[in-house]
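Where a number appears in this text, it was derived from the coordinates with a stated rule and is not lab data. Owing to the predicted nature of the structure, the values given are computational and were not obtained by experimental measurement. Backbone-built Cβ (ideal geometry, glycine too); neighbour counts: all protein chains shown.
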Amino acid sequence: MTRLFFVLTLVMCAACSDGRPAGSPERGARSDPAPQDAADPAALVRQDAAALVLLDRADELVYSPLLAGLADVTYRYKSTRQSKVAVEVRWLKPDHVRSQLVLEPGADSATRRWADRSGSEHLKTATALVDLVVGTPNRAQYEGDEIILESERLVKVVARSERSLARSLLEAWITFGEDGLPKRMVTLTDTGKITLVPTYRRGPEGHWVVDKVDTRINTGDKDRTTVMRFEYQRAGAYTMVHRIRLDYLGEEVVQEYLDIHVDQGLTEEQFR
């Protein structure tokens, strides 16, 4: 689940924004990377061995299609916020992704104007959510970031990688329970603080899957709460996310992952 914490901020983004990543600056603003110490580049990617043990243990406990053998997947992503807009995604192990924004039949002029204005950012957000679908392992998710053990069950992540910085992450603190499951994450972004508290249920082969996530978003002058609820589907040999429901300002927003096809024999040449 720790590998999904950052991605869950994007789930909320797709539900409540105009297409900009959660916590991202306004269009035209620049988000500078964290300062770098050229004299000691190794310090930029400090990864404490004990912290990695906690992250690896979480991968063992929480179900991941990728770790279960997934080789490739295609699907469509849709949200009730833009019912006539879909993102078609293709993914190939280890991390090749191609996607395109599609306006479905019946899209009106307002939808087309939205696509012209915000479609590219919506596409980036929906594409990043492939990590949620395939279950990207922690070491790949946090490669290039600092990972520090702050106490026995508390890990701090400092964004250094392009992957994390592109998602407007600054720092995050992950608290693990005695059972090894991630219980809480506090994330600092460019514009505020996001607190995520997941609840799990038993999934495939004795692993855990996320049932719901209680969320609090603080942007200084505003403090909002919501709950994300997860539904799953079988796709071939794998269990994958099907639907995420959340309430945003009294409106139920539903995000769906549709027409999932797995292990089709996609090749790297198809991603060039």
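Return the FRET efficiency for the residue pair PHE271, ARG113: r is the Cβ-Cβ distance, R0 is 45 Å, and the value is rounded to the nearest 0.05. About 0.90, to the nearest 0.05.
Applying the Kirkwood pairwise sum to the alpha-carbon positions of the range 58-152 produces a hydrodynamic radius of 15.3 angstrom.
Under a model in which nothing but the beta-carbon of Lys, Arg (+1) and Asp, Glu (-1) is charged, the range 124-272 shows a dipole of about 260 debye around its Cα centre. In this simple spin-label model, placing a label point 7 Å from the Cα along the Cα-to-Cβ direction at both ALA68 and GLU251 gives a separation of 3.3 nm. Nearest 5 is fine: what % of DSSP beta bridges in the range 35-176 come out antiparallel, could you say? Bridges in the range 35-176 that DSSP calls antiparallel: roughly 95 percent.
For ARG46, the residues 5 or more places off, or on other chains, whose built amide H falls under 5 Å of its own are ILE147. For the pair GLU205 and GLN233 in one chain, pulling the backbone fully straight at 0.36 nm per residue adds 8.6 nm over the alpha carbon distance.
Here the Karplus curve 6.51 cos²θ - 1.76 cosθ + 1.60, taken at θ = phi - 60°, turns the phi angles of the range 258-272 into couplings of 10, 6, 6, 10, 10, 6, 8, x, 4, 10, 4, 4, 6, 10, 9 Hz, with x standing for Gly and Pro. Spin-label model, ASP48 to SER120: label points 7 Å out along the Cα-to-beta-carbon direction sit 4.1 nm apart. With contacts taken as Cα pairs under 8 Å at a separation of at least 6 residues, the range 119-269 carries a relative contact order of 10 percent. When peptides 129-135, 176-182, 107-113 are sorted by average Cβ neighbour count within 10 Å, with the highest value leading, the order is 129-135, 176-182, 107-113.
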